[in-house]
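All of the numbers you see were taken from the coordinates with simple rules; none came from a lab. Please read all numbers here as calculations on a predicted model, not as lab measurements. Every residue, glycine among them, receives a Cβ derived from its backbone with ideal geometry; neighbour counts consider all protein chains shown.
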Amino acid sequence: MSPKEKPRASDGGTSRFGGAFTPGRIAMLVVAIITLVFIFENTREVKIRLLIPEVTLPLYVALLATALLGAACGYYFAARRRK
């Protein structure tokens, strides 16, 4: 099979999700689910100091904000590397 040929499903047609579920994507999905479970299990109020002010908020909000900032930074640097 040449690299340009698409894999075929067992019924002879082209697979709709041929490259959608790669091992890397499955691993990242599992990590994302575990991260969300961890975040939403930690719901108590905490005090967080941001340079000068002290903020009281649920821990899951702080964890979720940190995870989103980390994901945004990772996406930005991965996109820059592709260029």
So, relative contact order of the stretch 23-82 in percent, Cα under 8 Å, 6 or more apart, is 23 percent
List the residues whose amide H sits under 5 Å from the amide H of Ile48, counting only those 5 or more places along or on another chain, with H placed 1.01 Å from N in the peptide plane. Val55, Thr56, Leu57
I want to check the label-to-label distance for Tyr76 and Val55. Put each point 7 Å from Cα in the C-beta direction and report it in nm to one decimal. 1.7 nm
Ordered by residue, what ³J(HN,Hα) values in Hz, to whole numbers, does the stretch 29-46 give under the Karplus form 6.51 cos²θ - 1.76 cosθ + 1.60, where θ = phi - 60° and Gly and Pro are x? 5, 5, 4, 5, 5, 4, 4, 5, 4, 4, 4, 7, 7, 9, 10, 5, 6, 9
Contour excess over end-to-end distance, with Cα ends at Ala67 and Val31 and 0.36 nm allotted per residue: 11.8 nm
Rounded to whole Hz, the Karplus (6.51, -1.76, 1.60) HN-Hα couplings of the stretch 76-83, x for glycine and proline: 4, 6, 5, 5, 5, 5, 5, 6
